[in-house]
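A short worksheet on the structure shown next.
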Amino acid sequence: MFDSTAQATTAQPGAATGRVFDFSPWTHLQPLTRPAAGSAQAAGGPGILERAVALALLAGVSPLLALIALALKLESPGGSVFYRQERVGLDRRQHTQANGARSRVAKKERRQTPGGGQRFLIWKFRTMIPNAEAVTGPVWAEENDPRVTRVGRALRTLRFDELPQLLNVVHGTMRLIGPRPERPQFVERLARAMPEYSRRHAVPPGITGLAQVQRNYDASLDDVRTKLKYDLYYVDNRCWMLNVKIVMKTFDVVFRGRGAH
C-alpha cells in the first residue's frame, strides 16, 4: 500500500515522470473499521532507547534551539520563548496486549478526556503573539493567520516549533512517531462528530506521524476526517518499516516547507 518508488500522480500526460518517495493517496486506504479483537499491537510510551535518541537529538540541536530562543526574544522581548499547551495523549485506562488481553493500570492514570486519553502538557516554541487566544478562545490556526509572528511563521514552515517536544519524549508523554495530540476542547467535539476518533488514542501521540507527512494542518472537520484515515491506518498497521518511511517523508516535508500556516 505504501510504495517508496511510486511515480508522482500529478504528472501531465506525456511528461517525464521521476520515481519519488511517496505514500499512496488517502483514497486507497482501508475503510474505517475496527480491527478484530486481539489484532491490535501492544502500545506504550517510549522505551529507554527512544528516550536516549530524543536526548541525543536535543544535544545535537541545542545550538539551533539557542538561536531560535534568541530570535524569539529579539522579536518579542516581553513574550515567552516556550509555549505549553494541554493536549490529549494515550488512553492509559487499559491497553490491548499482543494476545488480545486487557491490562489494567493504576487509578491515578485513569483520568481522561471524554472521547480521548490522558491529558498532558506539550512543549513548543511560541509562534504567535502573546495571549493570542485571549479574545478568540481555542481555534485552529488559519492560513496566513495574523496572530503568527514573523519568526513564528519561519519556525512553522520548517516545523522547528515542534523541536521542544523532544522533552515530551524524554518525559514519556509522547513518542517520536504517532498521531499528533489534539487539544481537549477539540477532542470532545471531534469525538462526538466521529465516534471512531477516540481510537487514535490507542497508541501514544508522536512528534511526527503518517497523517502529518501526508496532509496539511487541520482547518475544518473535513480535514480531520481525511487525516483520521491515516491515523487509524497507523494504529492498526504500525511497524518499524512504516516508521522508517514516515521519518524519511518527514525530512522531505521539512525541506520543502509544505503545509505551514
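The values are calculated or read from the model by the stated rules, or taken from the named source; none is laboratory data. Computed from a prediction, not measured in an experiment: that's the story for all the values here. When we count neighbours, we look across all protein chains shown, and the Cβ atoms used for this are built from the backbone with ideal geometry, even at glycine.
So for region 231-238 (the condition being in a helix (DSSP H, G or I), polar (S, T, N, Q) and without any contact (Cβ under 8 Å) to a residue 24 or more places away in the chain), does at least one residue qualify? Before the answer, list the steps.
We begin by selecting, within region 231-238, every residue in a helix (DSSP H, G or I); these are 231-237.
From what's left, polar (S, T, N, Q): 237.
From the residues that got through so far, the ones that are without any contact (Cβ under 8 Å) to a residue 24 or more places away in the chain too are 237.
Yes, region 231-238 contains at least one residue that is in a helix (DSSP H, G or I), polar (S, T, N, Q) and without any contact (Cβ under 8 Å) to a residue 24 or more places away in the chain.
Could you please give the count of residues in region 217-261 that are surrounded by 15 or more Cβ atoms within 10 Å (Cβ to Cβ), at pLDDT below 80, closer than 25 Å to Ala193 by Cβ and not aromatic (Phe, Trp, Tyr)?
The total comes to 3.
For region 46-90, give me each residue that is modelled with pLDDT under 95 and in a loop (DSSP other than H, G, I, E, B).
Residues satisfying the conditions are Pro46, Gly47, Ser76, Pro77, Gly78, Gly79, Ser80, Val81, Gly89, Leu90.
Taking into account only those residues within region 167-226 that are out of contact with any Gly (no Cβ under 8 Å at 6 or more places or on another chain), assigned to a loop (DSSP other than H, G, I, E, B) and among the hydrophobic types (A, V, I, L, M, F, W, C), which is nearest to Lys124 (Cα to Cα)?
Ala219
Residue check, Arg180 against (1) under 15 Å from the mean Cα position of the chain (by Cα); (2) touching a residue at least 12 places away in the same chain (Cβ under 8 Å); (3) farther than 13 Å from Gly89 by Cα; (4) surrounded by fewer than 23 Cβ atoms within 10 Å (Cβ to Cβ), all met but one. Which one?
Every condition holds for Arg180 apart from (3).
Of (1) aliphatic (A, V, I, L, M); (2) crowded, with 20+ Cβ neighbours inside 10 Å; (3) modelled with pLDDT under 90; (4) over 20 Å from Arg156 (Cβ atoms), Val213 satisfies all except one. Which?
Val213 satisfies all of (1) aliphatic (A, V, I, L, M); (2) crowded, with 20+ Cβ neighbours inside 10 Å; (3) modelled with pLDDT under 90; (4) over 20 Å from Arg156 (Cβ atoms) except (4).
Looking only at region 204-220, which residues are of a type in the set (A, V, I, L, M, F, W, C) and touching a helix residue (DSSP H, G or I) at 6+ places or on another chain (Cβ under 6 Å)?
Correct list: Ile207, Leu210, Ala211, Val213.
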